[in-house]
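Comments concern the structure below.
The values are calculated or read from the model by the stated rules, or taken from the named source; none is laboratory data. Since the structure is predicted, the reported quantities are computational estimates derived from the model, not experimental observations. Cβ sites come from the backbone with ideal geometry, for glycine too, and all protein chains shown count toward neighbours.
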Amino acid sequence: MRLTDDTLRQLARRVAAEPDISASVQRFVDEKLTRQQRKQFVFFLRRESSARRVCVRTPDAPSDAVRTSFRQSFPQSSIVYETVPALGAGFQIEYGDTLVNANVRRMLERTIEELKENL
Amino acid sequence: MNAEDFIKQIEEKLYTATIAPEMINQGTVDSVGDGVARATGLSQAGFGEEVEFDNKARGLVFNLDEDYVSIILLSPSTEIKEGMKVRTTGKVLGVTVSRDLIGRVIDPLQNALDGRDLKLSGELCPLERPAPGVVDRLPVDTPLKTGLKAIDAMTPIGRGQRELIIGDRNTGKTAIPIDTIINQKRLERGLKQVICIYCAIGQKRSNIAKIVAKLEEEGAMAYTIIVAATASDPAAQQYIAPFAACAIGEYFRDRGEDVLVIYDDLTKHAWAYRQLSLLLKRPAGREAYPGDIFYLHSRLLERAARMSKERGGGSLTALPIIETQANDMSAYIPTNIISITDGQIYLESDLFNAGFKPAINAGLSVSRVGGSAQTRAMKQVAGILRIELAQFRELQAFSQFGSDLDDDTLNRIERGKRVMEVLKQLQYNTFDDASEVISVFAATAGMLDDIPVEKVGTFEEEMLAHLRHSHTEMFGRIATGAKMSEETINELQNAIREFRKQSVTL
């Protein structure tokens, strides 16, 4: 079946937006796509789903209020919570290719970098 | 800074710090090899932006595709692994320049190569910058003396000019700029000290070490910076090396100083760019070079300029070097650079092998703007030099077909041989202004015509030494560069005649 990269990209975008992948889509991918197309589709799907996934890292397990706040901020995305004590305080959010750092560890790293530059 | 101040500085930072959110655009290395990495993510990356990998290695965004970002690696690719995170820095690649760089040997990423500590301070100058505009420039009118008679007389170079040095391998291409650097320690006629930047691209480390040692021996490192991307460095470093050298030069140029930048050589630079372009799967054109290879070199060489008074009055002179294959000047890269530059010095392997050094082919070498930068004295004596040589070459070729030549032809051939002898010059043996003028004058005025060809060199050397000591006042008058009066010419002729009588060479 002749499918351009653009078509595969659009297909991946739509599949990633669905909460459940239907059996017809699974069948289509298994039966109609060539090996090369399937590889390309997986690449697009992985990228699209990571763009829709939000990873929140905090030093302690977040409270319900914090979780609600994040859910409201990212209504369309699935949120994963990770506990990373090394952050000290604050949080780190990763969504798509953006990383937001607001934690003590990063602040200390920046201070060290600045001091190294000035020394 | 003492320990107390240091502690205070850290404490201040810790106690006053607020955790401000920092947003980073990041990606993941998908594949890596041959000095190029491909990363997904990095949706905010800009063309030419510097990126940083997890292990602090640096790269440069070179291609922005729909699904990938291609990055050229400024560090060896073995340090980068698949799956590694890479982040944008929001910075374009640049060099931190101050006068501290003078006398140093660095790579394009400003790591010291001379074994001494290098503390970077000063102004951050981006590698890529637009060339000065038309109104910011002045015509080239100040000479940049090479100390080589053949060049200063026939293809003079002016400050702010771009003069190509072209020739096959082993024809003395590098020797010319090295002599030029050494000659800059002569501060003649109150001209400003020229800061020299020698940019070695794809050369052997041993060659660079030899050049550094020679410059140090001659005391020329006091005003020289060497930027080296050697043959073993990644192609990306070789690609950015001339831009780094140019950015350093611009820093001094914009502060009113005169700068000479030598790109040794742009053939290897073109190879490095071709390698990167092919690895990035950019469409290949003639000789597999990418379509923008002309623009690559033109935007680099356009940055050479003599600036107006309002812009500081500095200058940046560029001496690019190109290596030809089998004397083929009509290859792609040589023709490109010839059309960009303001002239070329063509070195011929036949001349070199015949012992004529510097092996400059007077017929194919030209300086399109340097004439206006030549001193009046040199212009006065060198005016007929090119014609004499052209006639000599033609007659010499003609004389090979027959033995019966009239006296005039024979005289011209004999004169030509002596002129050629006078233009010979040993490496690291640069001449001052006055010596150049006197030598060229003696040859073109026929004052060496009855001296055996093999003795011309020795005679010239002794004559100059004699005139320098016995006719100091006249020597000084010629050194001013002003047009020589009838009186000076007569005095010079008499002095040479007088010396001939007492010369031990004859």
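Numbers for the structure displayed
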quantity	calculated
Segment B:206-224, residues that are touching a residue at least 40 places away in the same chain (Cβ under 8 Å), surrounded by fewer than 24 Cβ atoms within 10 Å (Cβ to Cβ) and outside any helix (DSSP H, G or I)	B:218
Subset tally (residues that are out of contact with any strand residue (DSSP E or B) (no Cβ under 7 Å at 6 or more places or on another chain) and more than 9 Å from chain B (Cβ to nearest Cβ)) for segment A:68-110	10
Extreme residue, farthest from residue B:449 (Cα to Cα), among residues of segment B:399-424 that are in contact (Cβ under 8 Å) with a residue 40 or more places away in the chain and touching a Phe, Trp or Tyr at 6+ places or on another chain (Cβ under 7 Å)	B:424
Matching residues in segment B:152-204 - criterion: being in a loop (DSSP other than H, G, I, E, B) and free of Cβ contacts under 8 Å to residues at least 12 places away in the same chain	B:187
Residue among B:39, B:45 that is more than 20 Å from residue B:274 (Cα to Cα), among the small types (Gly, Ala, Ser) and part of a strand (DSSP E or B)	B:39
Cβ-Cβ under 9 Å pairs, at least 6 apart or on other chains, segment B:467-488 side touching a residue at least 60 places away in the same chain (Cβ under 8 Å), far side acidic (Asp, Glu) and assigned to a helix (DSSP H, G or I)	B:478/B:433; B:479/B:188; B:479/B:433; B:480/B:433; B:481/B:188; B:481/B:433
Residues that are more than 14 Å from every other protein chain (Cβ to nearest Cβ) and part of a loop (DSSP other than H, G, I, E, B), drawn from segment B:55-65	B:55, B:57
Filtered residues of segment A:1-26 (kept if basic (Lys, Arg) and more than 25 Å from residue A:78 (Cα to Cα))	A:2
Those residues of segment B:172-203 which are touching a Lys or Arg at 6+ places or on another chain (Cβ under 9 Å) and of a type outside the set (A, V, I, L, M), in sequence order	B:172, B:180, B:183, B:184, B:186, B:188, B:192, B:193, B:202, B:203
Residue list for segment B:438-469, restricted to those being surrounded by 22 or more Cβ atoms within 10 Å (Cβ to Cβ) and not hydrophobic (A, V, I, L, M, F, W, C)	B:439, B:444, B:460
Hey, residue B:299 more than 17 Å from residue B:270 (Cβ to Cβ), touching a residue at least 12 places away in the same chain (Cβ under 8 Å) and charged (D, E, K, R) or not	no
Test set (1) touching a helix residue (DSSP H, G or I) at 6+ places or on another chain (Cβ under 7 Å); (2) among the acidic types (Asp, Glu); (3) within 25 Å of residue B:358 (Cβ to Cβ) - residue B:491 fails condition number	(3)
Neighbours by Cβ (under 6 Å, 6+ apart or cross-chain): first from segment B:1-30, small (Gly, Ala, Ser); second assigned to a helix (DSSP H, G or I)	B:17/A:107
Matching option when the condition is part of a strand (DSSP E or B) and buried (at least 19 other Cβ atoms within 10 Å of the Cβ), among B:320, B:358	B:320
Tabulated pairs, segment A:65-86, first closer than 22 Å to residue A:49 by Cα and basic (Lys, Arg), second surrounded by 12 or more Cβ atoms within 10 Å (Cβ to Cβ) and at pLDDT below 90, C-beta under 7 angstrom, 6+ apart or interchain	A:71/A:79
Strands (runs of 3 or more DSSP E) (entirely within segment B:66-134) containing at least 1 residues that are crowded, with 19+ Cβ neighbours inside 10 Å, more than 14 Å from chain A (Cβ to nearest Cβ) and aliphatic (A, V, I, L, M)	B:69-73, B:94-97
Members of segment B:1-54 found to be surrounded by fewer than 16 Cβ atoms within 10 Å (Cβ to Cβ), more than 7 Å from every other protein chain (Cβ to nearest Cβ) and of a type in the set (D, E, K, R), listed by number	B:4, B:5, B:8, B:11, B:12, B:34, B:54
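Here is a yes/no grid of residues against (1) surrounded by 19 or more Cβ atoms within 10 Å (Cβ to Cβ); (2) aromatic (Phe, Trp, Tyr); (3) over 27 Å from residue B:58 (Cα atoms):
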| residue | (1), (2), (3) |
| --- | --- |
| B:185 | no, no, yes |
| B:201 | yes, no, no |
| B:231 | no, no, no |
| B:238 | yes, no, no |
